[in-house]
Amino acid sequence: MGSCYSYRQFCSLGPLPPRTPARPDPQVPKDRKLGPCSHGKIGAFYFYAEGSQDDPAFGFCEIELSVQRLAENKVRLELYCIADGYQSARGVGARHPLMIAVLAGEEILGTASWHFPNVISGHADPMHFAVDLEIDDEPFARIDRVELSRTSGESEPCG
């Protein structure tokens, strides 16, 4: 097993993008009819080999995030991405989850831990994560971004 780490990244949230022939529909939220939502994208989020600043072990790309009000004080956070197993190692999410925070300005309104499935070497697999958070209605209206926190990770050599 190898140790690795990620850099902190975040995205601003806004309305779902409109449909166009040149762009695929958003992957999250799974069901737009459940309630109002905000949407954002992060191009890539990688884990780097410990001791390196730029040796990607594995990662995720084309990350879409959404927060959706389902009911009073109930918000669903969803993430869709493509796992990038074409780097130097296989990613293991069992012991080191990806930490996700929902923010309004600098205030953290909710957090989630995603113990992602293994990122398999030589694969580009789609992955989906959803969790319901308890967030009051007033703060929901102020949600403006989602953050993927800097975290430790674990990888296995390819082969």
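Structure data summary
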| item | result |
| --- | --- |
| The range 39-96 - percent of accessible surface contributed by carbon and sulfur, probe 1.4 Å | 42 |
| Residue-level accessible surface for K74, protein heavy atoms, 1.4 Å, Å² | 80 |
| Residues with amide H under 5 Å from that of I135, placed H, sequence gap 5 or more | K74, V75 |
| HN-Hα J in Hz across the range 136-152 - Karplus 6.51, -1.76, 1.60, θ = phi - 60°, x for Gly and Pro | 4, 4, 5, x, 4, 5, 9, 4, 10, 6, 10, 10, 9, 6, 4, 8, 7 |
| Alpha-carbon centroid distance for the pair the range 36-64 / the range 84-124, whole angstrom | 8 |
| The range 109-159 - percent of accessible surface contributed by carbon and sulfur, probe 1.4 Å | 48 |
| Surface accessible to a 1.4 Å probe, V131 within the full protein complex, Å² | 40 |
| Solvent exposure of the chain as accessible area per residue, Å², 1.4 Å probe | 51 |
| Normalised contact order of the chain, rounded percent, pairs of Cα under 8 Å and 6 or more residues apart | 30 |
| Helix-only [θ]222 nm of the chain, DSSP H runs n ≥ 4, -39500 (n - 2.57) each, per residue, nearest 500 | -500 deg cm²/dmol |
| Dipole in debye (nearest 20) - the chain, about Cα centre, beta carbon charges: Lys, Arg +1; Asp, Glu -1 | 400 |
| Residue among G43, F129, A22 farthest towards the positive dipole end of the chain, charges placed on Cβ | A22 |
| Residues with amide H under 5 Å from that of C158, placed H, sequence gap 5 or more | R90 |
| From phi via Karplus (6.51, -1.76, 1.60), per-residue ³J(HN,Hα) for the range 67-84 in Hz, x at Gly/Pro | 10, 9, 7, 9, 7, 4, 6, 10, 10, 9, 9, 10, 9, 10, 7, 10, 6, 9 |
| Amide H partners (placed H, <5 Å) of G93, local residues excluded | N118, V119 |
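The values are calculated or read from the model by the stated rules, or taken from the named source; none is laboratory data. Remember, it's a predicted structure, so these values are computed and weren't measured experimentally. Please note: Cβ atoms are built from the backbone with ideal geometry, for glycine as well, and neighbour counts cover all protein chains shown. To get the accessible areas, we keep the full protein, side chains included, count just its heavy atoms, and leave off ligands, DNA and RNA. Shrake-Rupley method; radii C 1.70, N 1.55, O 1.52, S 1.80 Å.
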